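> Take a look at the following structure, please.
The values are calculated or read from the model by the stated rules, or taken from the named source; none is laboratory data. If you're wondering where the values come from, they're calculated on a predicted model, not measured in any experiment. In this analysis, Cβ positions are derived from the backbone assuming ideal geometry, glycine residues included, and neighbour counts consider all displayed protein chains. Areas reflect the complete protein model, heavy atoms only, side chains present, ligands, DNA and RNA absent. Shrake-Rupley method; radii C 1.70, N 1.55, O 1.52, S 1.80 Å.
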Amino acid sequence: MSFFKNIPYELVLGWRYTRAGRATRRNGFISFISGVSMMGIGLGVAALIIVLSVMNGFQKEVRDRMLGVVSHIEVYAADGAAVADLPALLARLKAHPQVLGAAPFITAQALLARGEDMKGVLVRGIDPALEPEVSDLSNDTQAGVLQRLQPGEFSLVLGRDLANNLFLQSGDPVTLVSPSGQVTPAGVLPRMKQMGVVGTFSSGHYEYDSALALMHVEDAARMFRLDGPSGVRLKLRDLHQARDVARDLQLDLGPQIFVRDWTQQNRTWFAAVQVEKRMMFIILTLIVAVAAFNLVSTLVMTVTDKRADIAILRTLGASPRSIMGIFVVQGATVGVIGTMSGLGLGLLVAFNIDVIVPALETLFNASFLPRDIYLISRMPSEPLASDIWPVAIISLVLAFVATLYPSWRASQVNPAEALRYE
């Protein structure tokens, strides 16, 4: 009992007013408005957490799948020719403490033709023995598919969607057309070579599965008339250090070598995601703000309804600051309950979205993420504390700010005027 005696009466009265007993119709209506404000804050906070978590998950999923095909860092000869003294370059690159693996490659644009069907493709010449050091393609269910690429056989491994678009299967012949033509008496003609498809891969990234063709690096050098690999792909221990490592390597290798990290290759996409995330944060924060400022009307109605109570408290010795504290407690309680319920709901959905979304897709017989549009086919989610804490703090601050004016008005009630007609 002594514990309850030590609780300030401002907290006790503020909690009682928050519950807004239903003894009268007016009190019941105030309770309803208070509940609506609480629900609005909760739904706004939950929506913010869910949307930001999905956007984080989307960015991480696309980035990880992209980096399963695109290397962390690519090193080129500055003039676009073949890399000179490849073994020495590999040794210098692997000497960096952040570099886990290195593999030579050739990249070129070409046309893939089968009968009357043609499709532009990105051809990448790889060394099957070294490629697993820098790529996740070898971790696919068809782990040995890259080993089928043998020098001199002029064979291809195609992305699964690319093979499906051209109706190709393992063992089918296909014609590769190189834009680097050869001069003949009839003019410049594109170089063509018939090749065999020896397998397919799936990176989980539609952009690459529908446009990437792999071949042995020696065959690619012959096909595109190069003296050797045009660059080296690197895999790092920490992909977030790619920019710093690229800068270090550029300084070490000199101007004859060009170094590019994965953030430069996909700068536009990641910048667009960040801008979209900020805009969604601002828009959804406005929803929380609207719900929080509904507290103003709730508290104004409560102050009007409790004028007699306020006057009696003032005559008993309550200071204006104590009266103000009672209504601040009331508004802050609504804000805290709404924010905490929103946090709980938002985290519950964010951590279980991989179950909720498939259930909704089955229920409505719809696909929310077509692979050819959104690059991935499942709804990812990654709640981050760096997003959740600002959402909670902003919600609480808005709720607190919304209580200040009605609470100040309550503290200015004149006891004599309030009790004149009681």
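> Sorted by accessible area with a 1.4 angstrom probe, largest first, how do Trp262, Trp389, Trp408 fall?
Details: Trp262 20, Trp389 165, Trp408 125 Å².
Ranking Trp262, Trp389, Trp408 by accessible area, largest first, yields Trp389, Trp408, Trp262.
> Here is a follow-up. Take Arg222, Arg124 and sort them by solvent-accessible surface of the protein heavy atoms, 1.4 Å probe, largest at the top. Intermediate results must be reported in sequence, preceding the final value.
Values: Arg222 135, Arg124 15 Å².
In descending accessible area the options line up as Arg222, Arg124.
> Based only on Cα atoms, what mean projected area does the convex hull of the stretch 258-366 have, in nm²? Before the final figure, lay out each step's value.
Numbers: hull surface 52.9 nm².
Dividing the Cα hull surface by four gives the mean projection, 13.2 nm².
> Report the gain in length on full extension from Phe400 to Asn165: 0.36 nm times residue separation, minus Cα-Cα distance, nm rounded to one decimal. Show your work: numbers first, answer last.
Details: separation 235, 0.36 × 235 = 84.60 nm, distance 5.82 nm.
The span from Phe400 to Asn165 would gain 78.8 nm if fully extended.
> Same structure again: Assuming 0.36 nm per residue, please report the length gained on full extension of the stretch Asp136 to Val36 beyond their Cα-Cα distance.
Result for the pair: 31.0 nm of gain on full extension.
> To the nearest 20 debye, what is the magnitude of the charge dipole of the stretch 236-340 about its Cα centre, counting +1 on the Cβ of each Lys and Arg and -1 on the Cβ of each Asp and Glu?
Working: 11 positive and 8 negative charges, 69 e Å.
My answer is approximately 340 debye.
> Give me the dipole magnitude in Debye, nearest 20, for the stretch 64-170 about the Cα centre, with unit charges on the beta carbon: positive for Lys and Arg, negative for Asp and Glu.
Values: 8 positive and 13 negative charges, 8 e Å.
My answer is approximately 40 debye.
> Ranked by accessible surface with a 1.4 Å probe, highest first, in what order do Phe293, Phe32 come? Could the numbers behind the result be given before it?
Details: Phe293 95, Phe32 125 Å².
Sorted by accessible area, descending: Phe32, Phe293.
> Label points 7 Å out from Cα along the Cβ direction at Gln147 and Arg278: separation in nm?
According to this spin-label approximation, the distance is 4.9 nm.
> Just to be sure I understand the curve: with the Debye formula and one point per C-alpha of the stretch 159-294, what is log10 I(q)/I(0) at q = 0.15 Å⁻¹?
-1.05
> Follow-up. Give me the compactness ratio for the stretch 260-299, meaning the Cα radius of gyration over 2.2 N^0.38 Å.
1.96
> Pop a pseudo-label 7 angstrom from the Cα along the beta-carbon direction at both Ala366 and Ala84 and give the gap in nm to one decimal.
6.1
> Here's something else I'd like to know. Send over the per residue convex hull volume for the stretch 206-269, Cα only, as a whole number of Å³. Don't jump to the answer; show the numbers that get you there.
On the way: hull volume 9.3 nm³, N = 64.
Enclosed volume per residue, from the Cα hull, is 145 Å³.
> Which listed residue (Ser381, Ser395, Thr315) has the Cα farthest towards the positive end of the charge dipole for the stretch 255-410, taking +1 on Lys and Arg C-beta and -1 on Asp and Glu C-beta about the Cα centre?
Thr315
> Might you report the magnitude of the Cβ-based charge dipole of the stretch 241-292 about its Cα centre, with Lys and Arg at +1 and Asp and Glu at -1, to the nearest 20 debye? Mind dumping the intermediate values first?
Details: 6 positive and 5 negative charges, 40 e Å.
My answer is approximately 200 debye.
> Run the reach check for Lys60 against lysines, Cα to Cα strictly under 17 Å, same-chain hits fewer than 8 apart removed. What comes back?
Output for Lys60: Lys277.
> Now for a separate question. Distance from a point 7 Å along Cα→Cβ of Met340 to each backbone N in the stretch 31-56: keep the residues under 14 Å and list them by number.
Residues 42 fall inside that zone.
> Apply 1/(1 + (r/R0)^6) to the Cβ-Cβ distance of Ser297 and Asp238, taking R0 = 45 Å, and write down the FRET efficiency to the nearest 0.05. Before the final figure, lay out the partial values.
Numbers: r = 52 Å, r/R0 = 1.15.
Calculated value: 0.30.
> To continue, here is another question. If r is the Cβ-Cβ distance from Thr315 to Ile393 and R0 is 56 Å, what FRET efficiency results, to the nearest 0.05? Please list the in-between numbers first.
On the way: r = 39 Å, r/R0 = 0.69.
So the FRET efficiency works out to roughly 0.90.
> What ³J(HN,Hα) values, in whole Hz, does the Karplus curve 6.51 cos²θ - 1.76 cosθ + 1.60 give for the stretch 155-161 when θ = phi - 60°, with x put for Gly and Pro?
Whole-Hz 3J(HN,Hα) from phi for the stretch 155-161: 10, 10, 10, 9, x, 4, 5.
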